[in-house]
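Engineer: Provided herewith is a single structure, encoded as structure tokens, for subsequent inquiry.
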Amino acid sequence: MTDNQASQPQPLPPHEQLVQMAMAHWVSQITYVAARLNLADHLAAGPLTADDLAKLTSTHPPSLYRLLRTLASLGIVCEQDSRHFSLTPLGVALKTGAPGSARATVLTLASDWWMRGFGQLLYSVQTGKSGFEKHLGMPIFDWLAQHPEQASMFSETMVGFHGSEPGALVAAYDFSALNTIVDVGGATGHLLCTILASHPACGGILFDLPHVVRDAPPLIEARGLSDRITIEAGNFFEGVPAGADAYLLSHIIHDWSEEQCLAILRHCRQAMGPASKLLIIEMVLPPGNTPHPGKMLDLMMLVGPGGRERTPQEYGLLLDQAGLRMTRIVPTQSPVSLVEAMLA
């Protein structure tokens, strides 16, 4: 063995890899506490000691130092001389309002209500029922409707979770021929704004439940698109705005049961004209053992709202049942693909 070979990191033995997987939730909780204490915001102006930060966060100084030391090992902060801590570029992304919405995403995905819901995965695998519904006592979207603060955080979380997808979609698909786009279940309008920003001739309708679209106006105004986007409150289980050139369903179909998906798709079909397009944006699953983040997300859909991710063949069958015809699947440089369909 050469010196170069000896210095190369060796893969962990299988049992150690499994132990690391089991410990992953430790990192999740450590990052959650950092976000909950607003450590990145407190450190934004410059380095502080653990004692300084303890006063700002009403925490126990020696214990906070231990947390900070661990955050430094994760690359979120950096410990300097005389036990001062400063932000790293990774830590800067944890600030409130930082691009990418990482803080909101961490505060949702590592929160107690979310972790306890996902902790019911065994129940979901055993029964095929939603573990979140078992934990919360009602479907997740009904629970969010009753908890406005968590609902707003969830909307911001979706922006963070889906990251580079909007830009990748704009790069992969030609939206320029579409005059009016309805973003069905579009939350705060992040995706619709990204599309319209790249296509000045397009206009859009943001359509979602009243408690969801209430957070949309500030984002749309900040993007300078208030004159090109109309906000309509409604329920896609009851109908969608008619007569548009395209209907976006971004991470909507994967949330629901087969019967509910068909109801949504049929309402879109009723609203579509002869040349209208339906654009489903989801993580389309590859076959066999091919790694893909959609396979992990598929379990989140099982334990969460009770939905699922699908293969190309499964999308084709679902669309056929709804009276639609899949025309193509457009891959992107992100984990999602765009499933295009028209009237059958």
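Engineer: Between helix 148-162 and the chain, what is the angle of the helix's C-alpha long axis to the longest principal axis, kept within 0 to 90° and rounded to the nearest 10?
Structural biologist: Roughly 90 degrees between the two axes.
Engineer: What is the Cα radius of gyration of the range 277-344 over 2.2 N^0.38 Å, N being its residue count?
Structural biologist: Scaled against compact globular proteins, the figure is 1.12.
Engineer: Can you divide the C-alpha Rg of the range 153-207 by 2.2 N^0.38 Å and report the result to two decimal places? Please report the intermediate quantities before stating the final value.
Structural biologist: Details: Rg = 11.1 Å, N = 55, 2.2 N^0.38 = 10.1 Å.
My calculation over the Cα atoms of the range 153-207 gives 1.11.
Engineer: Considering all alpha-carbon pairs of the range 21-123, what whole percent are spaced by more than 22 angstrom?
Structural biologist: For the range 21-123, the share of Cα pairs beyond 22 Å comes to 30 percent.
Engineer: To the nearest Å, what is the center-to-center distance of the range 180-214 and the range 74-91, using C-alpha atoms only?
Structural biologist: 39
Engineer: Here's another thing I want to ask about it. Among Gln17, Leu122, Thr157, whose Cα projects farthest towards the positive end of the dipole of the chain, with charges put on the beta-carbon of Lys, Arg (+1) and Asp, Glu (-1)?
Structural biologist: Gln17
Engineer: Now for a separate question. Kindly state, as a whole number, the per residue volume in cubic angstrom of the convex hull around the alpha carbon atoms of the range 229-344. Kindly include the intermediate steps, with their values, before the conclusion.
Structural biologist: Numbers: hull volume 12.9 nm³, N = 116.
Hull volume over Cα atoms, normalised by residue count, gives 112 Å³.
Engineer: Continuing with the same structure: Taking the convex hull of the Cα atoms, report for the range 185-257 its projected area averaged over all directions, in nm².
Structural biologist: Its average projected convex-hull area is 5.0 nm².
Engineer: Would you work out the relative contact order for the chain, in percent, from Cα pairs under 8 angstrom that are 6 or more residues apart?
Structural biologist: 13
Engineer: Here is a follow-up. Give the span of the range 103-244's Cα atoms along each principal axis, as three whole-Å numbers ordered largest to smallest.
Structural biologist: 49, 31, 27 Å, listed from the longest principal axis down.
Engineer: When the dipole is taken about the Cα centre of the chain, and only Lys, Arg (+1) and Asp, Glu (-1) are charged at their Cβ, what size is it in debye, to the nearest 20?
Structural biologist: Approximately 280 debye in magnitude.
Engineer: If I ignore ligands, DNA and RNA and count only protein heavy atoms, how much of Arg269 is accessible to a 1.4 Å probe, in Å² to the nearest 10?
Structural biologist: Accessible surface of Arg269 is approximately 90 Å².
Engineer: Ok, one more. Specify, per residue and in Å³, the volume enclosed by the convex hull of the alpha carbon atoms belonging to the range 174-310.
Structural biologist: Working: hull volume 17.2 nm³, N = 137.
With only Cα atoms used, the range 174-310 gives 125 Å³ per residue.
Engineer: For the range 33-90, treating each Cα as an identical point scatterer without solvent, what Debye log10 I(q)/I(0) comes out at q = 0.14, 0.16, 0.21, 0.22 1/Å?
Structural biologist: -0.28, -0.38, -0.68, -0.76
Engineer: Probe 1.4 Å, all protein chains in place: accessible area of His42 in Å², nearest 10?
Structural biologist: 60
Engineer: Quick one: what Rg and Dmax do you get for the range 63-114 from the alpha carbons, in Å?
Structural biologist: When restricted to Cα atoms, the range 63-114 yields Rg and Dmax of 12.4, 39 Å.
Engineer: Provide the descending list of Cα extents for the range 58-177 along its principal axes, expressed in whole angstroms.
Structural biologist: 53, 45, 28
Engineer: With all protein chains present, calculate the accessible area of Thr70 using a 1.4 Å probe and round the result to the nearest 10 Å².
Structural biologist: About 50 Å², rounded to the nearest 10.
Engineer: Still on this structure: Could you grab the relative contact order for the range 100-218? Cα pairs under 8 Å, six or more apart, rounded to a whole percent.
Structural biologist: 23
Engineer: Looking only at the chain, where both bridge partners belong to it, what percent of the DSSP beta bridges are antiparallel (to the nearest 5)?
Structural biologist: Roughly 50 percent of the DSSP beta bridges within the chain come out antiparallel.
Engineer: Quote the FRET efficiency, to the nearest 0.05, computed for Met21 versus Asp112 with a Förster distance R0 of 22 Å and r equal to the Cβ-Cβ distance.
Structural biologist: With R0 = 22 Å, the Cβ-Cβ based efficiency is 0.50.
Engineer: For the range 69-124, what does the relative contact order come out to in percent, with C-alpha contacts under 8 Å and a separation of six or more?
Structural biologist: Once divided by the residue count of the range 69-124, the mean separation gives 16 percent.
Engineer: Per DSSP helix of 4 or more residues, -39500 (n - 2.57); summed, then divided by the residues of the chain. What does that give at 222 nm, rounded to the nearest 500?
Structural biologist: Per the formula, -13500 deg cm²/dmol.
Engineer: For the full complex of protein chains and a 1.4 angstrom probe, list Cys78, Cys268 by accessible area with the highest value first. Write out the running numbers ahead of the final one.
Structural biologist: Details: Cys78 60, Cys268 0 Å².
Correct descending sequence by accessible area is Cys78, Cys268.
Engineer: Using the alpha carbon gyration tensor of the range 5-44, what are the three equivalent-ellipsoid semi-axes (square root of 5 times each eigenvalue), largest first, in whole Å?
Structural biologist: Working from the Cα gyration tensor, I get semi-axes of 32, 16, 4 Å.
Engineer: Quick check for you: which residues of the range 274-308 have the amide N under 15 Å from the point 7 Å beyond the Cα of Glu258 toward its beta carbon?
Structural biologist: Of the residues in the range 274-308, 307-308 have backbone N under 15 Å from the label point off Glu258.
Engineer: Return the ratio Rg/(2.2 N^0.38 Å) for the chain, where Rg is computed over Cα atoms only.
Structural biologist: 1.11
The values are calculated or read from the model by the stated rules, or taken from the named source; none is laboratory data. What you see is a predicted model; the values in this text were computed from it and never measured. Quick reminder, even Gly has a Cβ in these numbers, built from the backbone with ideal geometry, and neighbours come from all protein chains shown. To get the accessible areas, we keep the full protein, side chains included, count just its heavy atoms, and leave off ligands, DNA and RNA. Shrake-Rupley method; radii C 1.70, N 1.55, O 1.52, S 1.80 Å.
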